[in-house]
Amino acid sequence: PAAPTAVQPPNGSRIESFRPTLTWTVPAGASFTQYNLKVVPANNDGPGVNLILAGQDTSFTIPAPPDWYGLLPDLTYTWQVRLSDATTSIALDDPSWSDWSAPQTFKTPLVSASTSAASCNATLTSAVTTTGAGKTISGR
């Protein structure tokens, strides 16, 4: 199939949450059965994404913490997607993959001290319960 076009988030934009939806368009008449989505941090400084998913989706939402810690704060990421019409699972180097979409970048949100403290407090509250005079019972 022909290469898809990355659409959202807009190239070079700062996203507003750690749960961005990446969206692409498919050339008219293109048929595909699976797609390969790649999200890479600048200079490979942190976690990234490289997924092969079955289906004809034209978007993917990266789960936000605490479901998944795939994106770091205030970091630029480059993302691309490609398609295949293969009817079985295939390797990353399979010739049935289309070319990659043109690379698009986005920057993750800044995290303030108050945001970090609130997030940390919520995590600790769900993980540890304190009872009585200084006795701590571990949750999880």
Task: Pair list, Cβ under 9 Å, 6 or more apart: region 1-24 residue farther than 25 Å from Asp67 by Cα and open to solvent by 60 Å² or more (accessible area, probe 1.4 Å), other residue in a loop (DSSP other than H, G, I, E, B) and hydrophobic (A, V, I, L, M, F, W, C) - done: Thr5/Val26; Thr5/Ala102; Asn11/Ala102
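Evaluate region 74-97: report whether one residue or more is assigned to a loop (DSSP other than H, G, I, E, B), without any contact (Cβ under 8 Å) to a residue 60 or more places away in the chain and over 30 Å from Gly29 (Cα atoms). Spell out how you get there, then give the answer.
Going through region 74-97, the residues assigned to a loop (DSSP other than H, G, I, E, B) turn out to be 74-75, 85-96.
Going one step further and asking which of them are without any contact (Cβ under 8 Å) to a residue 60 or more places away in the chain, we end up with 74-75, 86-96.
Still in the list and also over 30 Å from Gly29 (Cα atoms): 74-75.
Checking region 74-97: at least one residue is assigned to a loop (DSSP other than H, G, I, E, B), without any contact (Cβ under 8 Å) to a residue 60 or more places away in the chain and over 30 Å from Gly29 (Cα atoms).
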- [ ] Within region 33-47, identify whether any single residue is modelled with pLDDT of 90 or more, surrounded by fewer than 19 Cβ atoms within 10 Å (Cβ to Cβ) and in a loop (DSSP other than H, G, I, E, B), and answer yes or no.
- [x] yes
TODO: Give the number of residues within region 48-61 that are over 12 Å from Leu72 (Cα atoms) and not in a strand (DSSP E or B).
DONE: 4
Open item on the list: Looking at Pro27 and the list (1) closer than 15 Å to Asp85 by Cα; (2) under 17 Å from the mean Cα position of the chain (by Cα), which single condition is not satisfied?
Closed with: (2)
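The values are calculated or read from the model by the stated rules, or taken from the named source; none is laboratory data. Since the model is a prediction, treat every value here as computed from it, not as a measurement. Every residue, glycine among them, receives a Cβ derived from its backbone with ideal geometry; neighbour counts consider all protein chains shown. The accessibility values were calculated without ligands, DNA or RNA, using every heavy atom of the protein model including side chains. Shrake-Rupley method; radii C 1.70, N 1.55, O 1.52, S 1.80 Å.
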